[in-house]
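> Below is the structure I would like to discuss, written out as structure tokens.
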Amino acid sequence: MVITLLLAVATAVPNGFLLYDKAASVKDDDPETSWTVSRKTNAPLVVNPCERPRLGQSGRASARTIVYTAVPDFSKSEQVILYASPSAARKAVKELRAAVAACRISGYKYGAATVRLGDEALTVTGQSYQGRRPAIGGERAVVARRANALVVYTQAGEWGKPAKGDFARQTRDARRMLGKICDIAAC
């Protein structure tokens, strides 16, 4: 077990490991779409209520983030983060839950719900509101932890009233990644 943990910490998230790597590597001449790929260990969580700069940063060993943006208002992202230990990854999930509960923005609300994926997981909803009615605009994320790894899938765009079906693609992608994450994590 100790040997496995040391190997996971020493290994970076490899090129080609993420689900969106292939699509991100294809040259796209469309000026209204773009892919960005980052290996920055200190990259912000792609779901980050109130944009807290240190959210989920402590104990990171490696990270890889891919973001797709389409003008004017759609984006999706994939992020895999390896932490030095499972407890550091658990702490990141705990910090995210606390950030969802604490974030207060006028006209925009966050919410989270526990789901059954990996060792622990949650869905995060960010939604624009006009008064008490959902307005156009929001984000939907699935965040799942297995051992010392955190996987995050988001979509943002012209969402209406939040619904369980809003998380279908992110949940499917998270399940696929969790199926292979033990190749690089300390499972």
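The values are calculated or read from the model by the stated rules, or taken from the named source; none is laboratory data. This is a predicted model, so every value here is computed, not measured. Remember, those area values only see protein heavy atoms, side chains included, never the ligands or the DNA or RNA. Shrake-Rupley method; radii C 1.70, N 1.55, O 1.52, S 1.80 Å.
> Rolling a 1.4 angstrom probe over the protein chains, ignoring ligands and nucleic acids, what is the accessible area of Phe167 in square angstrom, nearest 10?
20
> Something else now. What number results when the radius of gyration of segment 32-183, computed over Cα atoms, is divided by 2.2 N^0.38 Å?
Details: Rg = 14.7 Å, N = 152, 2.2 N^0.38 = 14.8 Å.
Against the compact-globule rule of thumb, the ratio is 0.99.
> Using each residue's phi in segment 77-83, evaluate 6.51 cos²θ - 1.76 cosθ + 1.60 at θ = phi - 60° and report the 3J(HN,Hα) Karplus result to the nearest Hz, with x for Gly and Pro.
In residue order, the calculated couplings are 8, 9, 9, 10, 10, 9, 9 Hz.
> Too long at a 29 Å Cα-Cα cut-off: which of Lys27/Lys91; Lys40/Lys76; Lys22/Lys109? The partial results should precede the final answer.
Details: Lys27/Lys91 38 Å; Lys40/Lys76 18 Å; Lys22/Lys109 34 Å.
Where the Cα-Cα span goes over 29 Å, the pairs concerned are Lys27/Lys91; Lys22/Lys109.
> Quick one: accessible area per residue over segment 65-187, 1.4 Å probe, rounded to a whole number of Å²? List each step's numbers first, then the result.
On the way: 5720 Å² over 123 residues.
Result: 47 Å² per residue.
> Provide the three semi-axes, in whole Å and in decreasing order, of the ellipsoid equivalent to segment 105-174 as defined by the square roots of 5 times the Cα gyration tensor eigenvalues. Don't skip to the answer; put the middle values down first.
Numbers: eigenvalues 118, 26, 17 Å².
Semi-axis lengths for segment 105-174 are 24, 11, 9 Å.
> Same structure, new question: So what is the relative contact order of segment 56-187, in percent, for Cα pairs below 8 Å that sit 6 or more residues apart?
On the way: 281 pairs, mean separation 30.3, N = 132.
Relative CO of segment 56-187 lands at 23 percent.
> Take the alpha carbon gyration tensor of segment 12-88, find the square roots of its eigenvalues, order them as a ≥ b ≥ c, and report rounded if a/c is under 1.5; if not, report prolate when a/b exceeds b/c, else oblate.
Numbers: a/c = 3.15, a/b = 1.53, b/c = 2.05.
Here segment 12-88 falls in the oblate category.
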